[in-house]
Amino acid sequence: MQPFTEKALQVIQNVPAGKVMTYGQVARCAGSPRGARQIARLLHSMSEKHGLPWHRIVNSQGKLVLADEEARHLQRTLLEQEGVEINRSGLIDLEMYRHNPDDSMV
């Protein structure tokens, strides 16, 4: 496994319940500031195998953007169960719910 992938998995696994991170934020923490799309692919291919809290990763505006309606509904449900408020447009207040890991966690 590549170092970026290992680091990204660690970052994602450390997002606590009730918080979210953006794809780009995870990529930056894992050492590739322009790797947001890589994070999306990693989540798609490795979430189940590694038990990742995939539902806690959102786009840079705090929006739920999964193309599949069922998956998007599941993401919304899981986040709401953790106490994350999502408005009618599918937006999360990143000021309130963004997880900002300190250097010791990542």
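The values are calculated or read from the model by the stated rules, or taken from the named source; none is laboratory data. Computed from a predicted model, the values in this text were never measured in an experiment. Please note: Cβ atoms are built from the backbone with ideal geometry, for glycine as well, and neighbour counts cover all protein chains shown.
Computed values, structure above
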{"quantity": "Residue list for the range 67-78, restricted to those being under 19 Å from Tyr97 (Cα atoms) and without any contact (Cβ under 8 Å) to a residue 12 or more places away in the chain", "calculated": "His73, Thr77"}
{"quantity": "Residue count, the range 1-51 (criterion: on the phi > 0 side of the Ramachandran plot and buried (at least 18 other Cβ atoms within 10 Å of the Cβ))", "calculated": "0"}
{"quantity": "Qualifying residue in the range 78-90 (condition: surrounded by 15 or more Cβ atoms within 10 Å (Cβ to Cβ) and either under 24 Å from Pro3 (Cβ atoms) or modelled with pLDDT under 95 (or both))", "calculated": "yes"}
{"quantity": "Positions within the range 17-75 being of a type outside the set (Gly, Ala, Ser) and part of a loop (DSSP other than H, G, I, E, B), in sequence order", "calculated": "Lys19, Pro33, Arg34, Leu52, Pro53, Asn59, Gln61, Leu64, Val65, Leu66, Asp68"}
{"quantity": "Subset tally (residues that are in contact with a Ser or Thr (Cβ under 9 Å, 6 or more places away or on another chain) and of a type in the set (A, V, I, L, M)) for the range 2-38", "calculated": "4"}
{"quantity": "Residues of the range 29-50 classified as closer than 16 Å to Pro101 by Cβ and free of Cβ contacts under 8 Å to residues at least 24 places away in the same chain, total", "calculated": "1"}
{"quantity": "The range 87-99: number of residues that are without any contact (Cβ under 8 Å) to a residue 40 or more places away in the chain and either more than 18 Å from Leu66 (Cα to Cα) or under 15 Å from the mean Cα position of the chain (by Cα) (or both)", "calculated": "5"}
